[in-house]
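First the structure, in the form of structure tokens, and then the observations on it.
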Amino acid sequence: MRNLTKKGIVLLIITLVLFPLYSRAVQELQRDEVVVQMGVMQGPSGFSTIGLSRDEGYLSPNARVEVTVYPSPNEVVARLVNGELDFAALPTNVAANLYSKGVGLKSVATVGEGMLMFLTNDPSIQEWSDLAHRKISIPGAGSTPDQMARIMTVALGFDYESDVELDYSIAAPAQVAQMLIANRISLTVLPEPFVTLALNSNEEVSILLDIQELWQALTGAGNYPMTVIVVSDKFIENHKELLPVVMASIEESVNWVNAQPEEAALLIEEAGIMKAAMAAPAIPRANLVFRRSKEGSEAMDVYFKVLYGFDYTSIGGDLPDEGFYYNY
């Protein structure tokens, strides 16, 4: 009994001594864990990063990402500006606009290329001249569909201010798609997955023009960068060593989404980005890519120069300089 008592006392002493040390070690480990905040929008721009939500968001033993989905670019922008987000997936021109206005961020990768189509449900349109004085519904003034619609109309020989009517009365692409399906509008420029939705829902809907093919014919360049990943200057300053880890995980996510669209679509719905039934068939046509910004800077430069020529305010009034493209 005495030996047991002595052993019990020794164990108690060891426990009392080591437990505080263990607790402090755990606290230090928890304190060292970096939680990376990423913002994405509802819609296809959020597809590329959905793989990050696997494994409870852990990128490494001491780094975890939390992806928050927002309904509009404005909400993502607001949180980038006030420092709530470390990373974000943004329309390329929005990223350039913020950079030109002095917001502390850099472009680190292109994760989505052009996926716009000029659609109609009107079989009477047989020639481009048939578009004269017709109304073309555009989801969102200043959006990529808007910019490309203006470029398209000029390329087809029209003045978009007088020869056709660009109608912005319906801002949400989902609503525009439903109006096209219901034959309540006849012409529109839409991105995926709404192109696939419209084509599958109304046999009268057809593609008048692949915007990407027009872009390549006009510029001689490849596809245009539609969605980019940006990182805050503050994150680079404080966690530069984690940047390659985050970006490798995003690249892996893009590859996984492209390879497993059905499985990815379930996570896309779970995150509140889009219904799985819409996302799954659209992923193969969504042009998800991963290209470091330095590698894709030439395509972005062409894109920015064209946008600047049409509306320099769309990219903040200036062409982004080399500092916009961050090489990690």
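Taken together, the values in this text are just the output of simple stated rules run on the coordinates, not laboratory data. On a predicted model such as this, the values are computed, not experimentally measured, just so you know. Virtual Cβ from ideal backbone geometry, glycine too; neighbours counted across all protein chains shown.
Could you pull the Cα extents of segment 198-239 along its three principal axes, largest to smallest, in whole Å?
Result, largest extent first: 54, 31, 8 Å.
Let's test the formula: R0 of 35 Å, r as the Cβ-Cβ distance of Val35 and Asp318. What FRET efficiency results, to the nearest 0.05?
Taking R0 as 35 Å, the efficiency between Val35 and Asp318 is 0.55.
Given a Förster radius of 25 Å and the C-beta distance between Ala182 and Glu75 as r, what FRET efficiency does 1/(1 + (r/R0)^6) yield to the nearest 0.05?
0.30
Could you give the length gained on full extension between Arg134 and Ser60, defined as 0.36 nm per residue of separation minus the Cα-Cα distance, in nm?
Length gained between Arg134 and Ser60: 21.2 nm.
Which value, in Å³ per residue, describes the convex hull spanned by the Cα atoms of the chain?
Dividing the Cα hull volume of the chain by its residues yields 154 Å³.
Below 8 Å, C-alpha to C-alpha, sequence gap of six or more: please give me the relative contact order for the chain in percent.
Relative contact order for the chain comes out at 27 percent.
At R0 = 22 Å, how high is the FRET efficiency between Ser162 and Glu127 if r is their beta carbon distance? Nearest 0.05 is fine.
Result of the calculation: an efficiency of 0.65.
Taking the Cα centre of segment 116-219 as the origin and placing charges on Cβ (Lys, Arg +1; Asp, Glu -1), which of Thr153, Ala182, Ala132 is farthest toward the positive end of the dipole?
The Cα lying farthest towards the positive end belongs to Ala182.
Looking at segment 116-219, send over the antiparallel percent of its DSSP beta bridges, to the nearest 5.
Once the DSSP bridges in segment 116-219 are tallied, antiparallel ones form about 70 percent.
Restricting the calculation to Cα positions, tell me the Rg (one decimal) and the Dmax (whole number) of segment 116-219 in Å.
When restricted to the Cα atoms of segment 116-219, Rg and Dmax are 12.4, 35 Å.
Rank Thr68, Thr313, Thr227 by mean-square fluctuation in a GNM of the chain with C-alpha springs under 10 angstrom and give only the top-ranked residue.
So, out of Thr68, Thr313, Thr227, the one fluctuating most is Thr313.
Would you mind classifying segment 187-277 by shape? Square roots of the alpha carbon gyration tensor eigenvalues, ordered a ≥ b ≥ c; an a/c under 1.5 is rounded, otherwise it is prolate if a/b is larger than b/c and oblate if not.
oblate
How big is the antiparallel share of DSSP beta bridges in the chain, given as a percent to the nearest 5?
Beta bridges within the chain, antiparallel portion: roughly 65 percent.
May I ask you to list the residues of segment 77-109 whose amide nitrogen lies under 16 Å from a point 7 Å from Cα along the Cα→beta-carbon direction of Lys294?
Those under the cut-off are 106-109.
Okay, helix-only estimate at 222 nm for the chain: each DSSP H run of n ≥ 4 adds -39500 (n - 2.57), divide by all residues, round to 500 deg cm²/dmol; what do you get?
-13500 deg cm²/dmol
In whole Å, largest first, what are the principal axis extents of the Cα atoms in segment 283-325?
Principal extents (Cα only, largest first): 34, 22, 14 Å.
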